[in-house]
Structure formats: structure tokens, C-alpha cells
Amino acid sequence: METLREAIKDKKRVVVKIGSSSLQHPETGDLDYNKMEVLVRELCNIRNSGKDVVLVSSGAISVGKKSVHLENDKSGKVSVKQACAAIGQAKLMMIYQKFFAEYNQVTAQVLMTKDTITNTVNRVNAHNTFSELLELGVIPVVNENDTISTYEIKFGDNDTLSAIVAALIDADLLILLSDIDGLYTDNPRNNPDAKFIEVVEELNDDIMHMGKKETGSNVGTGGMNTKLQAAKIATSAGCDMIIANSSDIHILHRIMDGRNFGTLFKANRDEDFYLADYIMDMKEDA
């Protein structure tokens, strides 16, 4: 276990995902600028240590709804969500740009849909763009392109998207910042006897069964089930994955120092794993 954690120090390409609920004040739904600034500082510090860094950030729709006072909208209209995504994504990137600039770090926006991966030309172009950005020392900020996404081409949640990005760019570590400490044998909010799992050596059926379709937040879309699906993608692509609590964003440098935080899913590269086929299967199962 200690050796696995120590090996985190030597990771060269890191993807960090943060969800909507982790970026907002729970009382108001407004952005938590303190947490965003700490997040950016942590990412810049990882970059300054010589590692490639990619951020997958949720929040566009909720920020957009808040901006135009539609946070209580229950219509479910796709056009409303898409319009709010357009508003919110611009605002979110403006704030990220400001914070990254304070640390003299260049960032870039990358918006993706399933077609980015399933279309061979798009996938190669996306891979080349990420490669060039990372070569230039840029920290890409990635989100789903909710403004144009329809049900058929949506990833559905950014846990899945972050794992796909990790696989696409050959990352060796994916960190999912969530509202829970990691993987438990049962939902710790409902079952006080639930046991915390520090390391998952292999994603067997028993582990996958723990991913009940629920989330502790009414803001985000991904519960433990989506995180385990993300782990399946990442580990099959040869990438370690960690689920950790976002309540204190400083946990990022503690993880990168090899300290024991969150649940570590050990990479188990599957030579038969092919990202585009996996996404196509997701498309058919939707």
C-alpha cells in the first residue's frame, strides 16, 4: 500500500476532475471563489513541479442558471440548459483565466462531446491538440460541450469525461474530487457500519456492485456508480485513479506527496481496451 502511494510522486501526467457542488457555496449556489483559487494554486504548483496537468471542471449549467436567475427552473427544457451552459461556461472560464493569470499560468478551454471520441478524425485532432497544449506548458480546462450536446451525444457526467480524457492523453493519474472521502462498502450517509476502502487492486463484480446510483448532492450528476465506471475506463487504459474529498482542496498536494488520502484504484491495463469502442457501447446502452 505504502509503495503504491509513494509511486504517486512519480506520476507525469495528471487529470483532476472537480464537480459542480465542490465549486459552490451550498447555502446560495454561488461560486466559492476561495475554493476555486486554492484549486488553481494547487494545479499550478503541480505544473511547476514538472508534471502535465489537465482540469476537468463541471459547473457551466448551474453557473449559467444562477446568472440569469433560473436556478429554480424545473422545466427540463433542453434549450434552457443549453443556453445556460453557454452563459455559464463563458463566466466560468473568465474566472479560471483570472485565477490562473495570477500565478502566471496559461490555460485553455477544451469542450468535448461523445463524437469527439467516436469520430476517428475528431479523436486524433483532440489528442493532437491536448499534446500540443501540454507541450506548451498550458493547463487545459475541459468540460462537456453542453451548448450543442443532445442526449445521444452526451457523456452524461464529468466523472466519465475525465476518465475518457485521461485515456485519450495517456495520463498516469486521475483524481476525482468529490463530496465523499472515497469508496465505502455501503453509503456511509445511510449506513454507519460502512467500511472505507483504501485501495482497490482490481475492479471485480463485488466492487462494481458498490456503485449504487445515488449522489449526495442535488447539483452534480455523478454518484459512486459513475465514479466506478470512470475507474473502469481509467484503469483499463493504464491510469491509476483516486477518489478524494474536495472539502479541503489542499488534499491535492497531499495526494501528490504520496500521502494516504482517498481511495486508490490501481491501474490494470487491458490490452483489448479500445476507447472509441467503449464509448460506442455507452452510446448504444444509453
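Residue-level check: of (1) modelled with pLDDT under 90; (2) open to solvent by 20 Å² or more (accessible area, probe 1.4 Å), LYS114 misses just (2). When region 1-56 is filtered for residues that are assigned to a strand (DSSP E or B) and in contact with a His (Cβ under 8 Å, 6 or more places away or on another chain), only LEU31 remains. Please determine, by comparing only the residues of region 119-134 that are more than 23 Å from ASN48 (Cα to Cα) and in contact (Cβ under 8 Å) with a residue 40 or more places away in the chain, which one is surrounded by the most Cβ atoms within 10 Å (Cβ to Cβ). Applying the filter and picking the extreme gives ALA126. Exactly one residue out of ASN268, ASN245 is closer than 30 Å to ASN122 by Cα, polar (S, T, N, Q), modelled with pLDDT of 85 or more and touching an Asp or Glu at 6+ places or on another chain (Cβ under 7 Å): that is ASN268. SER22 meets all of the listed conditions (1) touching a helix residue (DSSP H, G or I) at 6+ places or on another chain (Cβ under 8 Å); (2) open to solvent by 50 Å² or more (accessible area, probe 1.4 Å) but one, namely (2). The set of residues in region 25-72 being open to solvent by less than 20 Å² (accessible area, probe 1.4 Å) and among the small types (Gly, Ala, Ser) consists of SER57, SER58, GLY59, ALA60, GLY64.
Scanning region 57-69 for residues that are of a type outside the set (Val, Ile, Thr) and not in a helix (DSSP H, G or I) turns up SER57, SER58, GLY59, HIS69.
Does region 91-107 contain any residue that is open to solvent by less than 10 Å² (accessible area, probe 1.4 Å), closer than 27 Å to ALA231 by Cβ and in contact (Cβ under 8 Å) with a residue 24 or more places away in the chain? Yes.
The values are calculated or read from the model by the stated rules, or taken from the named source; none is laboratory data. Because the structure is a prediction, the values reported are computed rather than measured. Here Cβ is always computed from backbone atoms with ideal geometry, including for glycine, and neighbour counts include all displayed protein chains. The protein model used for the area step is the full one, side chains on, heavy atoms only, and it has no ligands, DNA or RNA in it. Shrake-Rupley method; radii C 1.70, N 1.55, O 1.52, S 1.80 Å.
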